[in-house]
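Only one structure is covered here, and it is reproduced in the block below.
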């Protein structure tokens with residue numbers, strides 16, 4: 001909750017839209033406490049029924065989530081069929097979706113599902129302490145941006161975003177937004193780190 005309140009404070013001070021993406025059990029309390037747009041980290045391709053332990057799109061919606069990540073490298077779907085079903089169920093239940101791809105071919109398949117956003121991230125750079133896709137392989141962002149422009153599907157860039165330079169480079173290459181995790185979570189001062197990242201928009 002502490003980090004969510006910091007995100008709210010920075011969002012209000014800078015007038016940038018910042019969305020906390022949290023575990024399912026925290027959604028309701030963070031929505032109630034901060035009034036921010038909150039997303040879930042994952043949703044399963046199931047509806048009400050015998051699915052013990054699964055995360056239902058209906059449940060996320062009822063908790064107050066407005067969107068969800070799907071197919072993140074740390075929680076990928078076993079099959080494209082399951083991913084397609086999860087995306088459809090989420091959108092049916094009023095959730096926006098951001099689907100992650102680990103290579104260009106997967107990105108093309110994902111865009112065919114018409115998610116609200118997509119991200120093309122090399123798995124080896126996700127969670128990196130000092131490397132980012134913007135500096136190590138900007139061509140990935142260029143390729144993803146071409147797909148984004150052709151299909152009008154907004155591109156979210158992640159994979160090791162650390163500083164305002166990563167933001168600036170990615171924006172110039174065609175990014176629409178950013179997914180940042182470890183850089184904020186591991187920061188001594190999350191607020192300071194958020195403000196420094198947002199300098200990249202200037």
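Readers should treat all values here as calculations from the given coordinates under stated rules, not as data from a laboratory. The model shown is predicted, which means the values in this text are computed figures rather than measured ones. Cβ sites come from the backbone with ideal geometry, for glycine too, and all protein chains shown count toward neighbours.
Net length available on complete extension from residue 124 to residue 76 is 15.8 nm, with 0.36 nm assigned per residue and the Cα-Cα distance removed. Using 0.36 nm per residue and subtracting the Cα-Cα separation, the extra length available between residue 137 and residue 3 on full extension is 45.2 nm. Exposure proxy shown here: for 68, 34, 188, 153, the number of other Cβ atoms within 10 Å sets the order, fewest to most, as 188, 34, 153, 68.
The calculated 222 nm mean residue ellipticity attributable to helices in the chain amounts to -12500 deg cm²/dmol, summing -39500 (n - 2.57) over DSSP H runs of n ≥ 4 and dividing by all residues. Label the stretch 2-201 by shape, choosing from rounded, prolate and oblate, from the square roots a ≥ b ≥ c of the eigenvalues of the Cα gyration tensor; if a/c is under 1.5 it is rounded, and otherwise prolate applies when a/b is larger than b/c, oblate when it is not. Cα axes put the stretch 2-201 in the oblate bin.
Among 132, 189, 79, which one moves the most in a GNM of the chain with springs linking Cα atoms closer than 10 Å? In this elastic network of the chain, the residue with the biggest mean-square fluctuation among 132, 189, 79 is 79. With the simple spin-label model, which puts each label point 7 Å out from Cα in the Cβ direction, the residue 114 to residue 164 separation comes to 4.0 nm. Using a Gaussian network model of the chain with C-alpha springs under 10 Å, which one of 130, 82, 116 is most mobile by mean-square fluctuation? Ranking 130, 82, 116 by mean-square fluctuation puts 130 first.
This ranking places 106, 13 by how few other beta-carbon atoms lie within 10 Å of each, fewest first, which gives 13, 106.
Across 100, 80, 48, mean-square fluctuation computed from a Gaussian network of the chain (C-alpha pairs under 10 Å connected) peaks at 48.
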